[in-house]
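Reading through the structure tokens given below for one structure.
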Amino acid sequence: MTAATISPMALNKQQILSLLQGQQDTWLFDQAQRITSQVFADNVYLRGIVEFSNYCLHNCHYCGLRSANRKVVRYRLSEQEILSAVDNIVAAGLNTVVLQSGDDKHYRSEVITRLIVAIKQKHDIAITLSLGDRHSHELQQWRAAGADRYLLKMETFDQTLFEQCRPKADFHQRLHQLKTLQSLGYQTGSGIITDLPGTTDERLANDILTLTQMELDMLACGPFVAHQQTPFADEPNGNVLTSQRVSAILRLMNPYANIPATSSLEVLTRGAREQALLRGCNVIMPSFTPEKGYVNYSIYPGKNASTIATQPRLNAMFEQINAHGLHPCLSRGDSKRNPHVPRN
Ligand code: SAH
Ligand code: SF4
């Protein structure tokens, strides 16, 4: 059977709610694995991520990088340091770089453009940006310069919950930027944090339906991890199974989307990230952030906590993927969902 013949499952809200309860986990995870295996031929795409700044002007209640957190040691990588981290990604054989940061306007539009042009001149790789809320004209400029993809998670599509968790952030503006990204031809990703304090299964089911309606190229979902230096310090950590269920349901409804297995799964339960690769996920994003920043990109505790050097860490990841009968895949792994979108 070819991948082109797989139809999305049209699950309704009631069916999603029932799957979230967990009584049909065996069926759900089997179906998610079957579809993922058919579409991606058991390949797991690896994307190297460079977390180049942990300064942030936002104050999200869940995140350790929030501006009010005075305890985090802030860092910014220079353009040269970022480019050299990208060189390391290419030297390791990977063909996608993800540039991520707090919402840090210190990196003006021209700086990001310069980085994109420099990367594309030197390497034939895909560039994903994950820089938070930026102006439409910047998104346009970066796309024209060669950026391929953009990841902008809504975290929740429930406006009330969004405003409770992201004070002063503009819900409608963020939603609008996702549409702008799609219209600019970016392979566009969004997603949610599961078990955000105040969420409900009802809200989760709505999130799944909305993410599906948006026909996104990437769907990222990971569990909430409580950070001590945030207003959500005493809230319970998210449930790993709930997050895996959400990814699996998204796979059933979006067979061709790229769905990453997030490191927040791993932080909560050892092995849960690789397990998610057998439950609908097909992407993993090893960090190539240099030592200067690595441990301080502490969006949640346990993130970037490994003391192992980048290459042995990558080798261990390869081994875990192989041990699950899957194949680490270093190619660009462009979206299979909207293949008509021109590639940079
Ligand atoms: N500043 C950018 C990108 C960096 S944050 C932005 O916010 O879009 C990267 C991701 O970390 C966020 O999208 C969020 O989903 C995740 N994150 C932050 N704090 C978290 C927490 N406590 N638990 C789980 N995920 C978290
Ligand atoms: Fe900043 Fe992103 Fe963290 Fe919010 S989630 S505080 S925008 S880094």
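The values are calculated or read from the model by the stated rules, or taken from the named source; none is laboratory data. Since this is a predicted model, take the numbers as computed values, not measurements. FYI the Cβ positions are ideal-geometry reconstructions off the backbone, even for glycines, and counts take in every protein chain you see. Only protein heavy atoms, including side chains, enter the accessible area calculation; ligands, DNA and RNA are left aside. Shrake-Rupley method; radii C 1.70, N 1.55, O 1.52, S 1.80 Å.
By average Cβ neighbour count within 10 Å, what is the ranking of 54-61, 234-241 from highest down? Each step should come with its number before you reach the end.
Details: 54-61: 19.0, 234-241: 16.2.
Listed from highest to lowest mean packing, they are 54-61, 234-241.
Taking Cβ separations below 4.7 Å as the criterion for a possible disulfide partner, the isolated cysteines in the chain are Cys56, Cys165, Cys221, Cys281, Cys329. Using equal-weight Cα scatterers in the Debye expression, the normalised intensity of region 259-342 in log10 at q = 0.13, 0.17 Å⁻¹ is -0.48, -0.79. Counting charges near Asp217 (Lys, Arg +1; Asp, Glu -1) among other residues having Cβ under 11 Å from its Cβ returns a value of 0.
Can you give me the % of accessible surface on region 31-105 that is carbon or sulfur? Probe 1.4 Å, all protein chains present, nothing else counted. Before the final figure, lay out the partial values.
On the way: 1230 of 2640 Å².
Exposed carbon and sulfur together represent 47 percent of the surface.
Reported to the nearest whole Å, the Cα centre-to-centre distance from region 270-296 to region 96-153 is 21. Rounded, prolate or oblate, given the Cα gyration tensor of region 147-255, with a/c below 1.5 counting as rounded? Oblate.
Hey, which of these cross-link pairs are over 24 Å Cα-Cα: Lys105/Lys179; Lys168/Lys336; Lys179/Lys292; Lys120/Lys168? With Cα atoms farther than 24 Å apart: Lys168/Lys336; Lys179/Lys292; Lys120/Lys168.
Protein heavy-atom surface of region 237-283, 1.4 angstrom probe: 45% of the accessible area is carbon and sulfur, with nucleic acids and ligands not counted. Residues in region 150-156 carry Karplus couplings, in order, of 9, 10, 9, 7, 6, 6, 7 Hz; the curve used is 6.51 cos²θ - 1.76 cosθ + 1.60 with θ = phi - 60°, and Gly or Pro positions show x. Computed over protein heavy atoms with a 1.4 angstrom probe, the accessible surface ordering of Val73, Val98, largest first, is Val73, Val98.
Reachable aspartates and glutamates from Lys303, Cα under 17 Å, same-chain residues fewer than 8 places away excluded? Straight-distance partners of Lys303: Glu51, Glu266, Glu274, Glu291. Rounded, prolate or oblate: pick one for the chain, where a ≥ b ≥ c are the square roots of the eigenvalues of its C-alpha gyration tensor, a/c under 1.5 means rounded, and failing that, prolate if a/b is larger than b/c, else oblate. Rounded, since a/c falls under 1.5.
Can you tell me what share of the DSSP beta bridges in the chain is antiparallel? A percent to the nearest 5 is fine.
Working: 1 of 31 bridges.
Counting DSSP beta bridges with both partners in the chain, the antiparallel share is about 5 percent.
Roll a 1.4 angstrom probe over the protein heavy atoms and tell me the percent of accessible area of region 285-344 that is carbon or sulfur. Working shown, then result.
Numbers: 1840 of 3170 Å².
Its accessible area is 58 percent carbon and sulfur atoms.
Rounded to the nearest 20 debye, the dipole size of region 65-180 about its Cα centre is 280 debye, using +1 on the Cβ of Lys and Arg and -1 on the Cβ of Asp and Glu.
Only helices enter the 222 nm calculation for the chain: every DSSP H run of n ≥ 4 contributes -39,500 (n - 2.57), and dividing by all residues gives -12000 deg cm²/dmol, rounded to 500. How many Å² of accessible area per residue for the chain, probe 1.4 Å? For the chain, the solvent-accessible area averages 41 Å² per residue. Positive-end ranking of Ile119, Tyr55, Leu204 along the dipole of the chain, with charges on Cβ about the Cα centre, is headed by Ile119.
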